[in-house]
Amino acid sequence: MELIIADNRKDLGRKGAEFILDEMKKASPFILGLAAGNTPVPVYEELVKKYEAGEADFSHVETFNVDEFAGMRTSDERSFATQLRQQFLDRVNIPFARRNTLESSSGSPRSACEQYEAKIRAAGGIHLQILGIGKNAHIGFNEPSNAFSRRTQRVRLDERTRKASRSLFPALSDVPGYGITMGVGTIMRARAILLLANGPDKINPLKRAFLGPVNPRVPASILQFHPNLTVVVTKEAARFASASYGGKRWQH
Ligand code: GLP
(Lines give C-alpha, C1' and ligand atoms only; values in the text may rest on other atoms or scores of the structure.)
Protein backbone atom coordinates (compact mmCIF):
# COMPACT_ATOMS: atom_id res chain seq x y z
CA MET A 1 0.00 0.00 0.00
CA GLU A 2 1.46 3.33 -1.02
CA LEU A 3 0.43 6.66 0.49
CA ILE A 4 0.96 9.79 -1.61
CA ILE A 5 0.31 13.13 0.08
CA ALA A 6 -0.78 16.09 -2.03
CA ASP A 7 -0.40 19.73 -0.95
CA ASN A 8 -3.96 20.67 -1.89
CA ARG A 9 -6.90 19.75 -4.14
CA LYS A 10 -5.11 20.84 -7.32
CA ASP A 11 -2.03 18.86 -6.43
CA LEU A 12 -4.23 15.83 -5.71
CA GLY A 13 -5.43 16.25 -9.30
CA ARG A 14 -1.86 16.34 -10.62
CA LYS A 15 -0.62 13.41 -8.55
CA GLY A 16 -3.72 11.30 -9.25
CA ALA A 17 -3.57 12.00 -12.99
CA GLU A 18 0.15 11.26 -13.15
CA PHE A 19 -0.46 7.90 -11.48
CA ILE A 20 -3.30 7.02 -13.88
CA LEU A 21 -1.30 8.00 -16.97
CA ASP A 22 1.64 5.84 -15.82
CA GLU A 23 -0.66 2.85 -15.24
CA MET A 24 -2.28 3.39 -18.65
CA LYS A 25 1.07 2.67 -20.31
CA LYS A 26 1.03 -0.87 -18.92
CA ALA A 27 -1.79 -2.38 -21.01
CA SER A 28 -3.69 -1.96 -24.27
CA PRO A 29 -6.64 -2.09 -24.18
CA PHE A 30 -6.57 -0.53 -20.71
CA ILE A 31 -9.66 -1.07 -18.54
CA LEU A 32 -10.28 1.85 -16.20
CA GLY A 33 -12.89 1.92 -13.43
CA LEU A 34 -14.24 5.42 -12.79
CA ALA A 35 -15.72 6.99 -9.64
CA ALA A 36 -17.99 10.03 -9.56
CA GLY A 37 -18.34 12.46 -6.65
CA ASN A 38 -16.36 15.60 -5.81
CA THR A 39 -13.02 14.06 -4.92
CA PRO A 40 -11.91 12.82 -8.38
CA VAL A 41 -12.94 16.08 -10.15
CA PRO A 42 -9.43 17.68 -10.05
CA VAL A 43 -7.96 14.40 -11.32
CA TYR A 44 -10.31 14.38 -14.33
CA GLU A 45 -9.55 18.10 -14.90
CA GLU A 46 -5.85 17.32 -15.04
CA LEU A 47 -6.36 14.34 -17.39
CA VAL A 48 -8.39 16.56 -19.74
CA LYS A 49 -5.67 19.23 -19.58
CA LYS A 50 -3.01 16.66 -20.52
CA TYR A 51 -5.18 15.41 -23.39
CA GLU A 52 -5.76 18.93 -24.71
CA ALA A 53 -2.02 19.61 -24.54
CA GLY A 54 -1.42 16.48 -26.64
CA GLU A 55 0.32 14.77 -23.71
CA ALA A 56 -2.22 11.99 -23.13
CA ASP A 57 -4.01 9.55 -25.41
CA PHE A 58 -7.08 7.57 -24.28
CA SER A 59 -7.85 5.76 -27.53
CA HIS A 60 -6.94 2.38 -25.96
CA VAL A 61 -9.03 2.95 -22.81
CA GLU A 62 -12.34 1.28 -21.91
CA THR A 63 -14.22 2.56 -18.85
CA PHE A 64 -16.63 1.10 -16.29
CA ASN A 65 -18.37 3.40 -13.80
CA VAL A 66 -18.30 2.08 -10.25
CA ASP A 67 -21.81 3.14 -9.20
CA GLU A 68 -25.07 4.88 -10.11
CA PHE A 69 -28.43 5.76 -8.61
CA ALA A 70 -30.75 2.81 -9.12
CA GLY A 71 -33.52 3.21 -11.64
CA MET A 72 -32.07 6.46 -12.99
CA ARG A 73 -31.48 6.87 -16.69
CA THR A 74 -27.79 7.41 -17.34
CA SER A 75 -28.85 10.37 -19.55
CA ASP A 76 -30.46 12.04 -16.49
CA GLU A 77 -28.53 15.19 -15.64
CA ARG A 78 -28.21 14.10 -12.00
CA SER A 79 -26.73 10.70 -12.82
CA PHE A 80 -23.11 9.84 -12.09
CA ALA A 81 -22.86 8.84 -15.76
CA THR A 82 -23.70 12.43 -16.79
CA GLN A 83 -21.19 13.87 -14.29
CA LEU A 84 -18.47 11.60 -15.64
CA ARG A 85 -19.33 12.44 -19.25
CA GLN A 86 -19.22 16.16 -18.54
CA GLN A 87 -16.12 16.12 -16.37
CA PHE A 88 -14.07 13.63 -18.34
CA LEU A 89 -15.43 11.24 -20.98
CA ASP A 90 -16.77 13.76 -23.50
CA ARG A 91 -13.56 15.76 -23.25
CA VAL A 92 -11.04 13.04 -24.15
CA ASN A 93 -10.76 10.45 -26.93
CA ILE A 94 -12.18 7.33 -25.28
CA PRO A 95 -14.24 5.57 -28.00
CA PHE A 96 -18.02 5.85 -27.36
CA ALA A 97 -18.54 2.09 -27.58
CA ARG A 98 -16.05 1.57 -24.76
CA ARG A 99 -17.75 3.71 -22.10
CA ASN A 100 -19.79 1.38 -19.93
CA THR A 101 -22.49 2.65 -17.58
CA LEU A 102 -24.74 1.09 -14.97
CA GLU A 103 -28.09 1.53 -16.71
CA SER A 104 -30.96 0.14 -14.64
CA SER A 105 -33.89 2.37 -15.61
CA SER A 106 -35.62 -0.33 -17.63
CA GLY A 107 -35.73 -4.10 -17.22
CA SER A 108 -34.67 -5.94 -14.10
CA PRO A 109 -31.87 -4.40 -12.03
CA ARG A 110 -30.62 -7.91 -11.41
CA SER A 111 -30.03 -8.65 -15.08
CA ALA A 112 -28.43 -5.17 -15.51
CA CYS A 113 -25.99 -6.13 -12.73
CA GLU A 114 -25.27 -9.55 -14.20
CA GLN A 115 -24.66 -8.03 -17.63
CA TYR A 116 -22.27 -5.49 -16.13
CA GLU A 117 -20.22 -8.22 -14.44
CA ALA A 118 -20.19 -10.18 -17.71
CA LYS A 119 -18.97 -7.11 -19.61
CA ILE A 120 -16.15 -6.55 -17.11
CA ARG A 121 -15.14 -10.22 -17.44
CA ALA A 122 -15.33 -10.06 -21.26
CA ALA A 123 -13.06 -7.01 -21.19
CA GLY A 124 -10.50 -9.08 -19.27
CA GLY A 125 -11.08 -7.42 -15.88
CA ILE A 126 -10.27 -3.95 -14.59
CA HIS A 127 -6.66 -2.78 -14.67
CA LEU A 128 -7.12 0.27 -12.46
CA GLN A 129 -10.13 1.19 -10.32
CA ILE A 130 -10.43 4.80 -9.13
CA LEU A 131 -12.33 5.18 -5.84
CA GLY A 132 -13.47 7.86 -3.45
CA ILE A 133 -14.50 7.11 0.13
CA GLY A 134 -17.83 7.98 1.75
CA LYS A 135 -18.13 9.53 5.21
CA ASN A 136 -19.31 6.14 6.45
CA ALA A 137 -16.29 4.53 4.69
CA HIS A 138 -18.33 3.20 1.79
CA ILE A 139 -16.68 2.44 -1.55
CA GLY A 140 -18.81 2.80 -4.65
CA PHE A 141 -22.24 2.49 -3.07
CA ASN A 142 -21.21 -0.46 -0.89
CA GLU A 143 -22.64 0.64 2.43
CA PRO A 144 -21.76 -0.69 5.91
CA SER A 145 -23.25 -4.15 6.15
CA ASN A 146 -22.90 -7.57 7.78
CA ALA A 147 -21.00 -9.05 4.84
CA PHE A 148 -18.85 -7.81 1.97
CA SER A 149 -20.77 -7.93 -1.30
CA ARG A 150 -19.31 -10.09 -4.03
CA ARG A 151 -20.75 -8.75 -7.25
CA THR A 152 -22.46 -5.77 -8.88
CA GLN A 153 -25.82 -5.30 -7.17
CA ARG A 154 -28.66 -3.02 -6.18
CA VAL A 155 -28.25 -1.67 -2.63
CA ARG A 156 -30.28 0.41 -0.21
CA LEU A 157 -28.54 3.73 0.44
CA ASP A 158 -27.69 4.89 3.97
CA GLU A 159 -29.38 8.07 5.14
CA ARG A 160 -25.93 9.63 5.45
CA THR A 161 -25.17 8.82 1.82
CA ARG A 162 -28.52 10.19 0.68
CA LYS A 163 -27.84 13.42 2.59
CA ALA A 164 -24.40 13.69 0.95
CA SER A 165 -26.12 13.52 -2.48
CA ARG A 166 -28.78 16.06 -1.49
CA SER A 167 -27.27 18.95 -3.51
CA LEU A 168 -28.01 17.13 -6.79
CA PHE A 169 -31.77 17.06 -6.05
CA PRO A 170 -34.49 19.60 -5.16
CA ALA A 171 -35.15 17.97 -1.76
CA LEU A 172 -33.86 15.09 0.36
CA SER A 173 -37.06 13.19 -0.42
CA ASP A 174 -36.08 13.24 -4.12
CA VAL A 175 -32.75 11.48 -3.52
CA PRO A 176 -33.13 7.85 -4.65
CA GLY A 177 -33.30 5.27 -1.88
CA TYR A 178 -31.26 2.73 -3.83
CA GLY A 179 -28.04 2.59 -5.78
CA ILE A 180 -26.41 0.14 -8.17
CA THR A 181 -22.78 -0.57 -7.45
CA MET A 182 -19.92 -2.83 -8.38
CA GLY A 183 -19.58 -5.25 -5.48
CA VAL A 184 -16.68 -5.18 -3.06
CA GLY A 185 -15.57 -8.42 -4.76
CA THR A 186 -15.70 -6.73 -8.19
CA ILE A 187 -13.60 -3.84 -6.88
CA MET A 188 -11.08 -6.15 -5.19
CA ARG A 189 -10.54 -8.04 -8.47
CA ALA A 190 -9.14 -4.86 -10.08
CA ARG A 191 -5.40 -5.32 -10.60
CA ALA A 192 -4.68 -1.90 -9.11
CA ILE A 193 -6.74 0.51 -7.02
CA LEU A 194 -6.33 4.27 -6.62
CA LEU A 195 -8.21 5.63 -3.60
CA LEU A 196 -8.59 9.41 -3.46
CA ALA A 197 -9.54 11.49 -0.41
CA ASN A 198 -9.72 15.20 0.20
CA GLY A 199 -10.69 17.28 3.22
CA PRO A 200 -11.16 16.85 6.98
CA ASP A 201 -14.41 14.90 6.54
CA LYS A 202 -12.38 11.98 5.28
CA ILE A 203 -9.93 11.68 8.22
CA ASN A 204 -12.29 9.55 10.27
CA PRO A 205 -13.36 7.16 7.47
CA LEU A 206 -9.68 6.73 6.50
CA LYS A 207 -8.72 5.98 10.10
CA ARG A 208 -11.46 3.40 10.42
CA ALA A 209 -10.59 1.89 7.04
CA PHE A 210 -6.83 1.59 7.48
CA LEU A 211 -6.11 1.59 11.21
CA GLY A 212 -9.04 -0.54 12.35
CA PRO A 213 -9.85 -4.21 11.69
CA VAL A 214 -11.12 -5.40 8.31
CA ASN A 215 -14.86 -5.42 8.81
CA PRO A 216 -17.88 -5.13 6.45
CA ARG A 217 -19.24 -2.42 8.76
CA VAL A 218 -16.34 -0.37 7.36
CA PRO A 219 -16.48 -1.34 3.66
CA ALA A 220 -13.22 0.43 2.68
CA SER A 221 -11.31 -1.62 5.28
CA ILE A 222 -11.22 -4.52 2.80
CA LEU A 223 -8.71 -2.46 0.81
CA GLN A 224 -6.11 -3.38 3.47
CA PHE A 225 -6.06 -6.78 1.72
CA HIS A 226 -5.56 -5.43 -1.81
CA PRO A 227 -2.07 -6.24 -3.10
CA ASN A 228 -1.75 -3.10 -5.25
CA LEU A 229 -3.39 -0.15 -3.53
CA THR A 230 -2.30 3.49 -3.87
CA VAL A 231 -3.91 6.12 -1.67
CA VAL A 232 -3.61 9.76 -2.74
CA VAL A 233 -4.82 12.24 -0.14
CA THR A 234 -4.53 15.95 0.55
CA LYS A 235 -2.39 16.99 3.55
CA GLU A 236 -5.52 17.59 5.54
CA ALA A 237 -6.95 14.10 4.97
CA ALA A 238 -3.46 12.63 5.53
CA ARG A 239 -3.80 13.46 9.23
CA PHE A 240 -5.41 10.03 9.54
CA ALA A 241 -1.98 8.46 9.05
CA SER A 242 -0.37 10.22 12.01
CA ALA A 243 -3.25 9.47 14.37
CA SER A 244 -3.72 6.34 16.38
CA TYR A 245 -6.98 4.41 16.32
CA GLY A 246 -7.76 1.61 18.71
CA GLY A 247 -4.06 1.71 19.65
CA LYS A 248 -3.05 1.14 16.01
CA ARG A 249 -1.02 3.44 13.76
CA TRP A 250 -0.44 3.63 10.02
CA GLN A 251 2.49 1.34 9.27
CA HIS A 252 2.79 0.77 5.55
C1 GLP B 1 -20.72 8.86 -3.19
C2 GLP B 1 -20.45 7.80 -4.27
C3 GLP B 1 -19.04 7.27 -4.22
C4 GLP B 1 -18.09 8.38 -3.87
C5 GLP B 1 -18.35 8.78 -2.44
C6 GLP B 1 -17.56 10.00 -1.99
O7 GLP B 1 -21.94 8.66 -2.57
N8 GLP B 1 -21.36 6.71 -4.23
O9 GLP B 1 -18.73 6.65 -5.45
O10 GLP B 1 -16.76 7.94 -3.99
O11 GLP B 1 -19.74 8.92 -2.17
O12 GLP B 1 -18.02 11.16 -2.63
P13 GLP B 1 -17.22 12.52 -2.61
O14 GLP B 1 -15.97 12.28 -3.40
O15 GLP B 1 -18.13 13.52 -3.27
O16 GLP B 1 -16.92 12.84 -1.18
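What Kirkwood Rh does the range 1-108 have if only Cα atoms enter the pairwise 1/r average? Answer in Å. Evaluated over the range 1-108, this radius sits at 14.6 Å. Each of E103, E159 has its accessible area taken with a 1.4 Å probe; listed largest first, they run E159, E103. The slack between S145 and S59, meaning 0.36 nm per residue of separation minus the straight C-alpha distance, is 27.1 nm.
Return an integer: the convex hull volume of the alpha-carbon atoms of the range 41-102, in Å³ per residue.
Details: hull volume 4.8 nm³, N = 62.
Dividing the Cα hull volume of the range 41-102 by its residue count gives 78 Å³.
Modelled spin-label separation between A123 and N228, with each label point placed 7 Å from Cα along the Cα-to-Cβ direction: 1.5 nm. Taking the inverse of the mean 1/r over every pair of distinct Cα atoms in the range 175-252 gives a Kirkwood hydrodynamic radius of 13.4 Å.
In the elastic network of the chain, a GNM with C-alpha springs shorter than 10 Å, the most mobile of G212, G132, G13 is G212.
Given axes a ≥ b ≥ c from the Cα gyration tensor, I'd like to know whether the chain is rounded (a/c under 1.5), prolate (a/b larger than b/c) or oblate.
Details: a/c = 1.40, a/b = 1.09, b/c = 1.29.
Rounded, since a/c falls under 1.5.
The overall shape of the range 57-142 is rounded: from the C-alpha gyration tensor, with semi-axes ordered a ≥ b ≥ c, the ratio a/c is less than 1.5. A 1.4 Å probe run over the range 4-116, with the rest of the protein chains in place, finds 46 Å² accessible per residue. Taking amide H as placed 1.01 Å from N in the peptide plane, the amide H of N100 sits under 5 Å from that of T63, F64, N65, each at least 5 places away or on another chain.
Compare the peptides 40-46, 160-166, 236-242 by average per-residue count of other Cβ atoms within 10 angstrom and give them in order, highest first.
Per-residue mean Cβ counts within 10 Å order the peptides as 40-46, 236-242, 160-166.
Output the peptides 108-114, 171-177 sorted from most to least packed, where packing is the average of other Cβ atoms within 10 Å over each peptide's residues.
Those peptides, ordered most packed to least, come out 108-114, 171-177.
Stretching N204 away from I5 to a fully extended chain increases their span by 70.0 nm, per 0.36 nm per residue minus the current alpha-carbon distance. Think of the chain as having a plus end and a minus end, set by charges on the Cβ of Lys, Arg, Asp and Glu; of L229, L34, V218, V218 sits farthest toward the positive end of this dipole. Taking a ≥ b ≥ c as the square roots of the eigenvalues of the Cα gyration tensor, the range 109-227 is classed as oblate, since a/c reaches at least 1.5 and a/b does not exceed b/c.
When the dipole is taken about the Cα centre of the chain, and only Lys, Arg (+1) and Asp, Glu (-1) are charged at their Cβ, what size is it in debye, to the nearest 20? Write out the running numbers ahead of the final one.
Details: 36 positive and 26 negative charges, 150 e Å.
Charge dipole, the chain, about its Cα centre: 720 debye, nearest 20.
Let me spell out the model: positive unit charges on the Cβ of Lys and Arg, negative unit charges on the Cβ of Asp and Glu, origin at the Cα centre of the range 104-252. What dipole size does that give, in debye rounded to 20?
On the way: 22 positive and 8 negative charges, 57 e Å.
Charge dipole, the range 104-252, about its Cα centre: 280 debye, nearest 20.
The values are calculated or read from the model by the stated rules, or taken from the named source; none is laboratory data. Since the structure is predicted, the reported quantities are computational estimates derived from the model, not experimental observations. Positions of Cβ are backbone-derived with ideal geometry, glycine not excepted, and every protein chain shown enters the neighbour counts. SASA here: full protein model, heavy atoms, side chains in, ligands and nucleic acids out. Shrake-Rupley method; radii C 1.70, N 1.55, O 1.52, S 1.80 Å.
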